[in-house]
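Please treat every number below as a calculation from the coordinates, not as lab data. Computed from a predicted model, the values in this text were never measured in an experiment. Glycine gets a Cβ as well: all are built from the backbone with ideal geometry, and neighbour counts include every protein chain shown.
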Amino acid sequence: MTSMRTRVLLTVLLMVSYAATAFAAPLEVFVSIPPQKYFVEQVGGKHVAVSVIVEPGRSPATYEPTPRQITRLSRASLYFAIGVAFEEVWMSRIHNANPEMKIIALQKVVPLREVDQLGSVLQEKGRKDPHIWTSPPLVQLMAARIRDALIAEDPGHRADYVANWRRFVADLEELDNYIHSRLRGLEGSSFMVFHPSWGYFAYTYGLQQIPIESGGKEPGARTLQQVIEVGRRKGVKVIFVQKQFSNRTAETVARALGARIAPVDPLAADYLKNLRHVADIFAEALRNQ
């Protein structure tokens, strides 16, 4: 009888333990931009609930978190920063909203480049380019840091985090191979953008980025003329823009060059699908200019 009661008790305890694990609340995690949400969800899976500070369609260069977001941050366990401009002003306030929340600076695991100004011909000395997520090999470095942070916060799900990370790395390697194949033979080609979001993408795949604006400022007449002259010299026929910024100046340059405008979004939420799409657009544009 005692043995039967013991077995029943053990069975009940196991069921309670399983139920507690199965229905445990996911980690509340915040990130700065939509691509990071994709990264953390790929590694964290069902064990994370990820919220984005910079809302879709908004620019991380000028965004200000809402009071509602600051309130929700008080419940978060982790915040993955990435070095975008709004963090410079808001990160201390975000920390004050929840001093117990761990802040993981993903940009610290990546070798940072200086911001392009008229491509690699000129660079803004001292100011680092935060757009590290546009290079899949650099995302692999960030994914490993995300894995380690999630394991440290939630060691009970270590096996899941490691398995998810391995699958994500395989997806990133496949993406990297796809982009290399689409851009093969175009190494050394130049492309023009309004905002310099694609410097790491360009560096990874042997291209040269020529931005129209830098530091969030519209170019003056002299700089604009320099941009047009460089564009003519490089044979630019496509100018890439993104929805977070006005197209007015890009359209002025396009008219001067006889070029067309093509939208690409470095902040799209579905990272793998978006980077494949971007590679296709770049390949077509560069082969035809």
Enumerate the residues in the range 200-235 having an amide nitrogen under 15 Å from the point lying 7 Å beyond the Cα of S246 toward its Cβ. 213-214, 216-221
Could you give me the ³J(HN,Hα) list for the range 83-99, computed from phi with Karplus coefficients 6.51, -1.76, 1.60 and θ = phi - 60°, whole Hz, x at Gly and Pro? x, 6, 4, 5, 5, 4, 8, 9, 4, 5, 5, 4, 5, 5, 5, 7, x
Kindly provide the helix-only [θ] at 222 nm of the chain, computed as the sum of -39,500 (n - 2.57) over DSSP H runs of four or more divided by all residues, to the nearest 500 deg cm²/dmol? -16000 deg cm²/dmol
A262 long-range amide H proximity, modeled H, under 5 Å: I239, F240, V241
From Cα pairs below 8 angstrom and at least 6 apart in sequence, can you work out the relative contact order of the range 185-287, rounded to a whole percent? 27
Highest-first arrangement of 245-256, 200-211, where packing means the average Cβ count within 10 Å: 200-211, 245-256
On the Cα set of the range 198-287, report Rg and Dmax in Å, please. 13.2, 39
Roughly how many nanometres apart are two label points built 7 Å out from the Cα toward the Cβ at S181 and E284? 1.9
Per 5 Å bin, what percent of the C-alpha pairs of the chain does each bin hold, from zero upward? 1, 5, 11, 14, 16, 14, 11, 8, 6, 4, 3, 2, 1, 1, 1, 1, 0, 0, 0
Pop the C-beta distance of A221 and I261 into the FRET formula with R0 = 22 Å and round what comes out to the nearest 0.05. 0.55
